[in-house]
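Participant: Mind looking over this structure? Questions follow.
The values are calculated or read from the model by the stated rules, or taken from the named source; none is laboratory data. Since the structure is predicted, the reported quantities are computational estimates derived from the model, not experimental observations. For accessibility, only protein heavy atoms count, side chains too; no ligands or nucleic acids. Shrake-Rupley method; radii C 1.70, N 1.55, O 1.52, S 1.80 Å.
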Amino acid sequence: MGQGNKTQTGVNEFILLGLSSDWGTQVFLFVLIVAMYLVTIVGNFLILLLIRLDSRLHTPMYFFLSVLSLVDLCYTNSFAPQMLAHLLSVQKSIPFMSCVLQLYISLALGGSEFFLLGAMAYDRYVAVCHPLCYTVIMHGGLCLGLAAGCLVAGFVNSLMETIITFRLPLCHNVINHFACEILAVLRLACVDISFNKVMVAVSGFLLIMLPFSLVLFSYGRIVAAVLHIRSSQGRSKAFGTCASHLTVVCMCFGATIFTYLRPRSASSVEEEKTVALVYAVVAPMLNPLIYSLRNKEVMAALHKVLEKFRGRG
């Protein structure tokens, strides 16, 4: 399929321009992203393993963290192996259906993650503001229901966006991105995409601003409750239980709001690719590091597992 193709009929592959056309830069990015990808896989898998093995981590907070780690693992694997292969390839092509599937999966998991961060904020609100009722309110059924609802919302929204995106007639098959990202695919359309832009904006509001509003509400109540605690040690402990989650929230929501909710006239393709790379590669790598290095319970579970292995050695 050539670059001059003018209709969607017969499109069987797309060409991805990637992050750079310079060979030296591509090799450098390959080494860097391989290292980050391995840290992402090991870090998130370790979080899942520790939560599974240590009964002290069998709480709602760590249940949501395990779901977040699983989502990050799947999200990274939806495009990272292909991106790494393309960094060392001259022809960066992807079959049409693989592009559709990649866009669908990445949108679905990305949307699910935002709702999960909102659910985790609610969990922290209950833990700090209603500690005596925490186990009653955040029971197993509610946690499972919230996690399932987050995933369903993400996948349903993604299905709608994917369908209306790939129904557009395409002027060519060259995507200026390192993956099949929705804004990059929309730029290939031969027709007016005002409706699609509105749908992206509405979707962005629902998937980003609604969970973000829940986060703001939860932490507003948390701050108000903590300020009523008289002892500085008690305030420090209360804020400590929220610090890791708040760090991840700022990183994930900040990158996505910058990409999807700012005025289009203020954006550039290269900026979008850079921010997308941060959200797609850096955030899943940092999430387990933030939750482990800033969390005494996770570090204690890690030391416990390491001691067991040393005892067997």
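Participant: Kindly write out, for segment 272-287 in residue order, the coupling ³J(HN,Hα) from the Karplus curve 6.51 cos²θ - 1.76 cosθ + 1.60 (θ = phi - 60°), rounded to whole Hz, with x marking Gly and Pro.
Facilitator: Values, residue by residue: 4, 5, 5, 5, 4, 5, 4, 5, 7, 10, 6, 4, x, 6, 6, 3 Hz.
Participant: How many percent of the accessible area of the chain is carbon or sulfur, using a 1.4 Å probe?
Facilitator: Of the solvent-accessible surface of the chain, carbon and sulfur hold 70 percent.
Participant: Could you please put Met97, Met83 in sequence from largest to smallest accessible area, using a 1.4 Å probe?
Facilitator: Met97, Met83
Participant: At 1.4 Å probe size, what's the solvent-accessible area of Ser21? Round to the nearest 10 Å².
Facilitator: 120 Å²
Participant: Taking amide hydrogens as modeled 1.01 Å from N in the peptide plane, which residues meet the under 5 Å criterion relative to Leu19, leaving out close sequence neighbours?
Facilitator: Excluding prolines and chain starts, which carry no amide H, there are no hits.
Participant: Let me ask something additional. Rounded to the nearest 500 deg cm²/dmol, what is the calculated helix-only ellipticity per residue at 222 nm for the chain, with -39500 (n - 2.57) per DSSP H run of length n ≥ 4?
Facilitator: -24000 deg cm²/dmol
Participant: Within the chain, how many Lys pairs sit with Cα atoms under 23 Å apart, leaving out pairs fewer than 8 places apart on the same chain?
Facilitator: Within the chain, the lysine pair count is 8.
Participant: What does the C-alpha gyration tensor say about the overall shape of the chain? Classify as rounded when a/c is under 1.5, otherwise prolate if a/b is larger than b/c, or oblate.
Facilitator: On the way: a/c = 2.33, a/b = 1.63, b/c = 1.43.
Because a/c hits 1.5 or more and a/b exceeds b/c, the chain counts as prolate.
Participant: Take the alpha carbon gyration tensor of segment 30-142, find the square roots of its eigenvalues, order them as a ≥ b ≥ c, and report rounded if a/c is under 1.5; if not, report prolate when a/b exceeds b/c, else oblate. It would help to have the intermediate numbers written out before the result.
Facilitator: Numbers: a/c = 3.55, a/b = 2.15, b/c = 1.65.
It is prolate, given that a/c is not under 1.5 and a/b is the larger ratio.
Participant: Using a 1.4 Å probe, what is the accessible area per residue for the chain, in Å²?
Facilitator: Value returned for the chain: 48 Å² of accessible area per residue.
Participant: Out of residues 5 or more away from Cys171 or on other chains, whose amide H comes under 5 Å of its own, with H placed 1.01 Å from N in the peptide plane?
Facilitator: Under 5 Å from the amide H of Cys171: Ala189, Cys190.
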